[in-house]
């Protein structure tokens, strides 16, 4: 834990944030850094002071000011500390031994846990500070001294990330959860998985009335298992409302990187979990012959990236997870294998093409999909949230219906005995909505979120609640060793986005992939699936995810 005495923050002038710097952060997909820079420039200088008084801090009396955005500690004429209520503070609590003392817990600088100890003149003044800070942190209408307690289940894969999952959780995540539990904001329970599929079983059997959020601490596989467990329940309509929080302790961590960025993602995910913000998550159904149905929130892969993922499985055993993807990618790019397949999809032409070179468009896309987030604390206080046990729900063991697959690909249900088929009418393949590509492919990939791994934003316009998935494919004639080596290096260092003339892209809610040549894999959220005809349909806003 860092010493707050050394955590001094200086004012940032408007002129210091240039257009070039802003756009550099946008292109690097580091939205959180852009938010922090813009908020410090716009809010710190202009927010009116809502509360101020003299408090004892580090054994000296200091002038402390509170705005709706910042807590400011003025120690001398030249020194001060400024703490962002939205970006830094994750809990506030009273000292149980002295009612005039209170603590403010924050993550500062490189996301170090920092505790600010204040002593007011009496308990009344301390109560006023605590309740007002909570009011502004959560945008409440009135001050409130104590937040309602949220119940959190944390599922930890101790073998994730080269068998470092337990250590990473206990060193970076658990202390933040403990602070919030001591403040009474949350009450959490930890379960360590013991075998593959254990997280799925836990979420299939858990009583949804007992929990307000589920943290999945591991790689993308842990989050995939947890979400699958919720959606395979007969009461999936209720269970799917419980927000999932991906806590990145694995090899790829694509889902967490899409929400929290790649830098200090462990601390950022823990911060998000205790703060309680959530937003909808689009989820795909992946259907294969024989009534097989797999849920996907991340990606469906064939060719290059699927090979990178599954041909390097043996490397897991040698605890070199950090270089696993690089080794696999280098091998595939050198060999440059291609595979015959049929790819067809329902084309959704956007009314206005998205210009990735326009920072105004990028800012708009970022804000448009972030503004939908809600906060469970605020909903509980306002009475808009009653938990999951009181919501009437008709059980449906077949899961969500598939109207698009039923319309465009009715053949996928011919061998199915399950009830998720709906309105099987068929469609003329010559329909202008229907696009078919028969080719040899180096890679085919659908993306529901921006990242395919930490630091690899393959699909910068893919958002978790955009109602569309990005479909990306590389035909044989566009595959180039030199170009892909360059693009892979650029992605690693966040210098460029992957879309270029060597890739073909589209927006869709439904597609079909039929592999012909053997030698590759069909991969769903990083898990190997059967190498057969595969049909995918998106369900918009089916689940919820914890966000910053």
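No value in this document is a laboratory result; all are computed from the given coordinates. Remember, predicted model here, so these are calculated numbers, not experimental data. Because the Cβ atoms are built from the backbone with ideal geometry, glycine has one as well, and the counts that use them run over all protein chains shown.
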Exercise. With a Förster radius of 45 Å, plug the Cβ-Cβ distance of residue 263 and residue 52 into 1/(1 + (r/R0)^6) and report the FRET value to the nearest 0.05.
Key: 0.85
Quiz item: For the pair residue 192 and residue 122, how long in nm is the line joining their label points, each one 7 Å along Cα→Cβ?
Solution: 5.0 nm
Exercise. Work out, step by step, the length gained on full extension between residue 467 and residue 311: first 0.36 nm times the residue separation, then minus their alpha carbon distance; give nm to one decimal.
Key: 53.0 nm
Exercise. At 0.36 nm per residue, minus the direct Cα-Cα distance, what do residue 347 and residue 518 gain on full extension? Give it in nm, one decimal, please.
Key: 58.8 nm
Exercise. Highest first, please rank the peptides 196-208, 280-292, 239-251 by the mean number of other Cβ atoms sitting within 10 Å of their residues.
Key: 239-251, 280-292, 196-208
Exercise. Work out the FRET efficiency for residue 528 and residue 505 from their Cβ-Cβ distance, taking R0 = 25 Å, and round it to the nearest 0.05.
Key: 0.50
Self-check item: Estimated FRET transfer efficiency (residue 485, residue 178; beta-carbon r; R0 45 Å; 0.05)
Solution: 0.50
Practice problem: Note down the relative contact order for segment 150-276 as a percent, whole number, built from C-alpha pairs under 8 angstrom at least six residues apart. | Solution: 30 percent
Exercise. Pop a pseudo-label 7 angstrom from the Cα along the beta-carbon direction at both residue 292 and residue 112 and give the gap in nm to one decimal.
Key: 5.1 nm
Practice problem: Rounded, prolate or oblate: pick one for segment 150-276, where a ≥ b ≥ c are the square roots of the eigenvalues of its C-alpha gyration tensor, a/c under 1.5 means rounded, and failing that, prolate if a/b is larger than b/c, else oblate. | Solution: oblate
Self-check item: Net length gained if the chain between residue 205 and residue 139 were fully extended (0.36 nm per residue, minus Cα distance)
Solution: 20.2 nm
Quiz item: So what is the diffusion coefficient of segment 204-336 in µm² per second by Stokes-Einstein at 4 °C and 1.567 mPa s, using a Kirkwood Rh over Cα pairs?
Solution: 78 µm²/s
Quiz item: What is the order of 525, 235, fewest Cβ neighbours within 10 Å to most?
Solution: 235, 525
